[in-house]
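The values are calculated or read from the model by the stated rules, or taken from the named source; none is laboratory data. All values reported here derive from a predicted model rather than from experimental measurement. A quick note on method: Cβ atoms are made from the backbone with ideal geometry, for glycine too, and the neighbour counts reach across all protein chains shown.
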């Protein structure tokens with residue numbers, strides 16, 4: 001617990017001075033003098049390097065941390081020996097390739113690869129899209145996105161890319177978005193849900209259409225068996241597996257969506273009305289709310305919902321920076337910080353639960 005708290009504190013200190021608008025702009029001096037950078041760019045680079053190294057090290061060097069850590073180790077061996085597994089072919093091929101190159105069944109390398117890519121992609125996604133990197137990073141840490149990536153690592157691998165691909169959807173680069181999503185589905189097929197969801201969220205909706213969508217979603221309360229058949233048809237490899245037993249609602253998911261939507265509506269004129277990107281994020285949270293309320297019977301509900309609610313780490317900072325009244329902006333920024341602290345405390349209180357097993361933390365460096 002001390003390690004996790006210390007990691008959040010230290011990394012947030014390094015995230016605070018980062019100003020991402022300088023990362024993707026080339027100054028006149030840089031164009032005239034190759035390899036010349038401003039002080040802010042150099043500070044960004046140093047801080048990002050420290051953030052990546054700290055997050056990668058804690059994730060990659062873990063041992064037995066996470067409910068499915070040992071399950072993954074057994075899965076690696078099953079893939080290597082050619083046994084039947086329900087995991088996707090891209091993931092299976094990567095495991096075989098790593099074991100072949102390593103010349104042994106070195107599972108630590110695979111955990112390190114997924115840790116490296118997941119951390120790098122999340123950081124890049126926030127750096128490329130967030131209008132206030134510190135707030136995005138703070139939410140990434142305190143809402144547990146980083147720490148829960150120690151569990152279901154294939155899913156968080158694709159979730160990071162889904163966050164990054166939101167930019168392509170906003171830029172209407174649909175072919176690139178489609179091809180990359182199909183490629184990601186070779187590692188975790190749940191990511192396929194973002195194809196229709198992100199496309200629909202990027203369309204302009206009228207109020208009556210959103211109301212009609214809520215009415216349509218309410219049919220989930222009455223036709224759950226029909227929707228389940230549809231779900232199994234889409235994710236056929238999950239049929240007859242334990243994944244279909246992972247059902248139940250998400251109260252915290254509902255609370256987060258309601259809070260974010262309420263904040264967006266309060267400052268709709270300033271932050272949402274003329275901002276297509278924020279409209280996209282807001283619709284994603286609306287879709288997630290409908291999912292959490294009317295489709296509690298859907299397996300892996302939280303996993304599907306996170307493909308939508310992960311946008312909160314981009315939407316909240318964007319709203320905060322657009323609040324014109326200084327006192328109100330400070331109030332809601334402070335409220336966001338306090339909410340993050342409270343959420344993180346609750347997360348730590350449950351982290352040693354047998355169904356989570358993110359505490360205590362152990363590392364193979366000390367084994």
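Does residue 270 fit the bill of being surrounded by fewer than 19 Cβ atoms within 10 Å (Cβ to Cβ) and part of a loop (DSSP other than H, G, I, E, B)?
Considered against the rule, which asks whether it is surrounded by fewer than 19 Cβ atoms within 10 Å (Cβ to Cβ) and part of a loop (DSSP other than H, G, I, E, B), residue 270 comes out as no.
Go through (1) crowded, with 17+ Cβ neighbours inside 10 Å; (2) closer than 30 Å to residue 311 by Cβ; (3) free of Cβ contacts under 8 Å to residues at least 40 places away in the same chain and name the single condition residue 126 misses.
Tallying (1) crowded, with 17+ Cβ neighbours inside 10 Å; (2) closer than 30 Å to residue 311 by Cβ; (3) free of Cβ contacts under 8 Å to residues at least 40 places away in the same chain, residue 126 fails exactly one: (3).
Quick one: how many residues across the stretch 195-224 are surrounded by fewer than 12 Cβ atoms within 10 Å (Cβ to Cβ) and in a helix (DSSP H, G or I)?
7
So that you can scan it fast, the table gives a plain yes or no per residue for (1) modelled with pLDDT under 95; (2) out of contact with any strand residue (DSSP E or B) (no Cβ under 6 Å at 6 or more places or on another chain); (3) in a helix (DSSP H, G or I); (4) surrounded by fewer than 22 Cβ atoms within 10 Å (Cβ to Cβ):
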site: 135; (1), (2), (3), (4): no, yes, yes, no
site: 139; (1), (2), (3), (4): no, yes, yes, no
site: 151; (1), (2), (3), (4): yes, yes, no, yes
site: 156; (1), (2), (3), (4): no, yes, yes, no
site: 159; (1), (2), (3), (4): no, yes, yes, no
site: 163; (1), (2), (3), (4): no, yes, yes, no
site: 167; (1), (2), (3), (4): no, yes, yes, yes
site: 176; (1), (2), (3), (4): no, yes, yes, yes
site: 179; (1), (2), (3), (4): no, yes, yes, yes
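Residue by residue, here is whether (1) surrounded by 14 or more Cβ atoms within 10 Å (Cβ to Cβ); (2) part of a helix (DSSP H, G or I) holds:
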{"position": "42", "(1), (2)": "no, yes"}
{"position": "50", "(1), (2)": "yes, yes"}
{"position": "85", "(1), (2)": "yes, no"}
{"position": "120", "(1), (2)": "yes, yes"}
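So residue 356 ticks every box in (1) assigned to a loop (DSSP other than H, G, I, E, B); (2) modelled with pLDDT of 95 or more but one. Which box is left unticked?
(2)
Among 336, 296, which is farther than 22 Å from residue 165 by Cβ, in contact (Cβ under 8 Å) with a residue 40 or more places away in the chain, assigned to a helix (DSSP H, G or I) and touching a helix residue (DSSP H, G or I) at 6+ places or on another chain (Cβ under 9 Å)? Talk me through it step by step, then tell me what you get.
Details: 296 fails: assigned to a helix (DSSP H, G or I).
Just a single option satisfies the conditions, and that option is 336.
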